[in-house]
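Enquirer: The structure follows.
The values are calculated or read from the model by the stated rules, or taken from the named source; none is laboratory data. Everything numeric here is computed off the predicted structure, so don't read it as measured data. Backbone-built Cβ (ideal geometry, glycine too); neighbour counts: all protein chains shown.
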Amino acid sequence: MLNPSPDKSKGKPEPVDIHVGRRIRMRRVWMHVTQMALAEAIGVTFQQVQKYEKGTNRVGASRLQQIAHALDAPVSYFFEDMPDAAAVDGGDRSGQKRLQTEIVEFASSHEGLALIRAFSRITDQKVRSRTLGLVNRHESHDRFHLSYTRPKRALELVASGSQPSSRLLDRYDTRHARADRIAGITA
């Protein structure tokens, strides 16, 4: 009989359970499926789906198969980009693992998916480059503890098509050029 590992505390989710849960959430949100709809499709409560997504409760093999079918994904999808997967070549990939975890966390959030969708709809390469510059400048502002809501609103307007992209970005550039100079930020 297998003995539990002494360094694992009871009640703490395993990294694989957390990863699978994040991938379930990412796929569910990407497919525009509510927790309630997924719960009904697999025969559990929406609270159970929440626990699966948080990694609090383990997803059994048959349940994962049901989830995969409901979300139109292969079972292997939920194990892709596992941050704890051993490197085949034996090299140190701790930085890569950290980045993969960060990407999966971002992509499984509501804001992350909205940003990914909005950015992928921008076809003009110049507008894409300027949008990336806008986001990078906003990130730099955060480092200097300056808070702006404009970049998020600008991306929402660009994605919705309600404002001409280049005009909106020009307006942002003009308004925040002074703050950039004060903070010592260059584009």
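Enquirer: Tell me the helices (runs of 4 or more DSSP H) entirely within the range 50-126 that contain at least 1 residues that are at pLDDT 85 or above and of a type in the set (S, T, N, Q). Full working, then the answer.
Expert: Numbers: elements: 61-70, 94-107, 110-121.
Passing ranges, in order: 61-70, 110-121.
Enquirer: So, one more: Pull out all pairs, ordered by first then second residue, where Cβ-Cβ is under 9 Å, the residues are six or more apart or on different chains, the first lies in the range 68-81 and is under 14 Å from Ile42 (Cα atoms), and the second is of a type in the set (Ser, Thr, Tyr) and in a loop (DSSP other than H, G, I, E, B).
Expert: Every condition considered, no pair remains.
Enquirer: Within the range 127-143, which residues are exposed (fewer than 13 other Cβ atoms within 10 Å of the Cβ) and either at pLDDT 70 or above or over 17 Å from the mean Cα position of the chain (by Cα) (or both)?
Expert: Of all residues in the range 127-143, those exposed (fewer than 13 other Cβ atoms within 10 Å of the Cβ) come to 129, 132, 139, 142-143.
Selection gives Ser129, Leu132, Asp142, Arg143.
Enquirer: Under 6 Å between Cβ atoms, at least 6 apart or on separate chains: pull out the pairs that start in the range 11-33 with a residue that is over 17 Å from Leu115 (Cβ atoms) and touching a residue at least 12 places away in the same chain (Cβ under 8 Å) and end on any residue that is of a type in the set (D, E, K, R) and buried (at least 22 other Cβ atoms within 10 Å of the Cβ).
Expert: Close Cβ pairs (under 6 Å, with a partner that is of a type in the set (D, E, K, R) and buried (at least 22 other Cβ atoms within 10 Å of the Cβ)) amount to Gly21/Glu53; Ile24/Glu53.
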